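Chemist: Have a look at this one.
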Amino acid sequence: MSDPKALERLSHKTGALRQELAKVVVGQNAVVEQLLISLLSRGHALLTGVPGLAKTLMVSSLARVLKLSFKRIQFTPDLMPSDITGTEVLQEDQTTRQRAFRFLHGPVFANILLADEINRTPPKTQAALLEAMQERKVTVAGTDHHLPKPFFVLATQNPIEQEGTYPLPEAQLDRFLLMIRVGYPTDAEEAEIMRRGQPDPSTLTPLMDQAELEELQELVRGIAVAETVLDFARRITRLSRPGTPEAADFVGRLVQWGAGPRASTSLIAAGRARAALLGRGHVTPEDIEEVAHPVLRHRILPSYNALGDGVDADALVTKLIQAAKTRLPVALAR
């Protein structure tokens, strides 16, 4: 059972972080919340949205207020894997004249790595991130080099312009805990953006360090999850799998590929983080429902029938939630 005082401290800290970020980022409250959920869950996040929506600004500002090391990689078609991970170079000792290989660390060796426009680079370079994201290490010339803790990949991509892009493979998409959709600001928010002009992240005050973040992450892992909530999350993912006895009625026609087991664990991890942000020591079905779209939208592949009917992944997730609710006890389904 989580300590109520510790949960209150977490809620206070994350509230202060949001207020600090609001000095340079106007609106986007849901996006900021999902970024915090990803960080507290030790997960990576993929931000998708048209250019100019402050995706890069949010990530760099978050790194500043968390007092974490930050590196940015602009993905381009000519980017090589070694440009990300680093490479070995032959160096000569000026005293002994002996030569030896020395590993030069790439930009992946940072607490927060911003992979900007990740779909702009070929699959070979995209794959260089796979081991780092999953294993928290890179291997060069047979030697393992462990990444700093904590380590997060926050990637961005433009969902509109597809010319000259390379869609991320499903195996790499599955490594992202959340796919966060960044939308347009409201009319009032855009007016405020215009009044403020160019934001200055250097004015932000660091509010948390690495040790404190890791302490909060451990607190989130201790959030209680009832069996009924576990069943709700599991049911959502199992209903999404075509060709299985548990698949929902509409899945056979509208879903080409359903969510795997990592989706189930991701729902619980994100649900715990959301509950902690709200100061609760237990996860509710509402938490699972609120995180289901960013957790599942990149793990469910709509069929050609769905695309022809104008049904996207988000619409499928909504239908899966409704189908899963019918199997909950009445008190929890409300």
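The values are calculated or read from the model by the stated rules, or taken from the named source; none is laboratory data. Source: prediction; values computed, not measured. Every residue, glycine among them, receives a Cβ derived from its backbone with ideal geometry; neighbour counts consider all protein chains shown.
Chemist: Strands (runs of 3 or more DSSP E) wholly in the stretch 135-252 with at least 3 residues that are in contact (Cβ under 8 Å) with a residue 24 or more places away in the chain and surrounded by 15 or more Cβ atoms within 10 Å (Cβ to Cβ) - which ones?
Modeler: 152-157, 176-181
Chemist: Against the condition buried (at least 21 other Cβ atoms within 10 Å of the Cβ) and in a strand (DSSP E or B), how does residue 114 come out, does it pass?
Modeler: yes
Chemist: Has the stretch 264-274 got at least one residue that is at pLDDT below 90 and touching a helix residue (DSSP H, G or I) at 6+ places or on another chain (Cβ under 7 Å)?
Modeler: no
Chemist: Just give me the residues in the stretch 194-213 being out of contact with any helix residue (DSSP H, G or I) (no Cβ under 9 Å at 6 or more places or on another chain) and under 17 Å from residue 70 (Cβ atoms), in sequence order.
Modeler: 200, 203, 209, 210
Chemist: I would also like to ask the following. Mind telling me which of the residues 126, 94 ends up being farther than 30 Å from residue 36 by Cβ and either in the same structural domain as residue 42 (by TED's automatic domain parsing) or touching a helix residue (DSSP H, G or I) at 6+ places or on another chain (Cβ under 7 Å) (or both)?
Modeler: Among 126, 94, only 94 is farther than 30 Å from residue 36 by Cβ and either in the same structural domain as residue 42 (by TED's automatic domain parsing) or touching a helix residue (DSSP H, G or I) at 6+ places or on another chain (Cβ under 7 Å) (or both).
Chemist: If you check residue 28 against the conditions, is it crowded, with 19+ Cβ neighbours inside 10 Å, in the same structural domain as residue 130 (by TED's automatic domain parsing), in contact (Cβ under 8 Å) with a residue 24 or more places away in the chain and on the phi > 0 side of the Ramachandran plot?
Modeler: Considered against the rule, which asks whether it is crowded, with 19+ Cβ neighbours inside 10 Å, in the same structural domain as residue 130 (by TED's automatic domain parsing), in contact (Cβ under 8 Å) with a residue 24 or more places away in the chain and on the phi > 0 side of the Ramachandran plot, residue 28 comes out as yes.
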